[in-house]
């Protein structure tokens, strides 16, 4: 295959992903191809179980496809060692997980600073950066509170701040408002979008309900492992696969 384009942070080529469950095989992704330009934003909208989370896990190097290629800023993820993948995830990817995955024994500031400390950032610099991000997401007065002492919306804001701590090149947000009520979800959307613009990384987020496209026009519908419509032109270098009839 040809080399990836220089302006693409993500270049996905004909990716298939399936899971074997005894005698059965569940095909989750069916030949997905897409490009996301540096500085781009992509929101995926689709039903639960359609494969959005699986795609994000592949883009962030948490899992590998059965076939096809995923290039991250010119690097083929399949060619990287486990150590190199771990370093890429720590330094270049900011994950916002659907279930938050905050460590219960750490307070908000410690959770936010953890990726920076793993990257060997000096403690003072990591703490200053963590406090800045928590203030940005409206949690300046909650830095010493542990997850159990925070509401769901506050926990999600901590997760957003944690994702931004190392100034990643890519942010992957897995249904960042999916477990929240409508009002809190709207607050998270308002909070998340300015953070992404200020840091200037490309971002990708799946969404089950249709609120995201109203806030972010670069949205693509997703169903059963394929794109239902094409990725907006400013986020791709060529046409992406479209959903085929079942």
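Scoring residue 143 on the criteria (1) farther than 24 Å from residue 181 by Cβ; (2) touching a strand residue (DSSP E or B) at 6+ places or on another chain (Cβ under 7 Å) leaves a single failure, condition (2).
Could you say which residue among 77, 59, 29 is touching a helix residue (DSSP H, G or I) at 6+ places or on another chain (Cβ under 8 Å) and within 25 Å of residue 165 (Cα to Cα)?
Working: 59 fails: touching a helix residue (DSSP H, G or I) at 6+ places or on another chain (Cβ under 8 Å); 29 fails: within 25 Å of residue 165 (Cα to Cα).
Just a single option satisfies the conditions, and that option is 77.
Results for (1) within 18 Å of the chain's Cα centre (by Cα); (2) part of a loop (DSSP other than H, G, I, E, B); (3) surrounded by 13 or more Cβ atoms within 10 Å (Cβ to Cβ); (4) touching a residue at least 40 places away in the same chain (Cβ under 8 Å), shown as yes or no for each residue.
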site	(1), (2), (3), (4)
102	yes, yes, yes, yes
105	no, yes, no, yes
125	no, no, no, no
141	no, no, no, no
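Taken over the range 75-100, residues that are exposed (fewer than 14 other Cβ atoms within 10 Å of the Cβ) and under 16 Å from the mean Cα position of the chain (by Cα) amount to 2.
If I filter the range 81-90 for residues that are out of contact with any strand residue (DSSP E or B) (no Cβ under 9 Å at 6 or more places or on another chain), within 19 Å of residue 12 (Cβ to Cβ), modelled with pLDDT of 95 or more and in a helix (DSSP H, G or I), do I get at least one hit? Checking the range 81-90: at least one residue is out of contact with any strand residue (DSSP E or B) (no Cβ under 9 Å at 6 or more places or on another chain), within 19 Å of residue 12 (Cβ to Cβ), modelled with pLDDT of 95 or more and in a helix (DSSP H, G or I).
The requirement of being surrounded by fewer than 18 Cβ atoms within 10 Å (Cβ to Cβ), assigned to a loop (DSSP other than H, G, I, E, B), touching a strand residue (DSSP E or B) at 6+ places or on another chain (Cβ under 7 Å) and modelled with pLDDT of 95 or more is fulfilled somewhere in the range 66-74, by at least one residue. Filtering the range 6-37 to residues that are free of Cβ contacts under 8 Å to residues at least 12 places away in the same chain and buried (at least 16 other Cβ atoms within 10 Å of the Cβ) leaves nothing.
Tell me whether the range 38-47 contains one or more residues that are touching a helix residue (DSSP H, G or I) at 6+ places or on another chain (Cβ under 9 Å), buried (at least 17 other Cβ atoms within 10 Å of the Cβ), at pLDDT 90 or above and within 18 Å of residue 175 (Cα to Cα). Outline the logic, then answer.
Of the residues in the range 38-47, the ones touching a helix residue (DSSP H, G or I) at 6+ places or on another chain (Cβ under 9 Å) are 40-46.
Of the ones still in play, those that are also buried (at least 17 other Cβ atoms within 10 Å of the Cβ) are 40-46.
Subsequent filtering for residues that are at pLDDT 90 or above retains none.
No, the range 38-47 has no match at all.
Among the residues of the range 143-152, the one identified as exposed (fewer than 11 other Cβ atoms within 10 Å of the Cβ) and assigned to a loop (DSSP other than H, G, I, E, B) is 144.
The values are calculated or read from the model by the stated rules, or taken from the named source; none is laboratory data. Everything numeric here is computed off the predicted structure, so don't read it as measured data. Cβ coordinates were reconstructed from backbone atoms using ideal geometry, including for glycine residues, and neighbour counts include every protein chain displayed.
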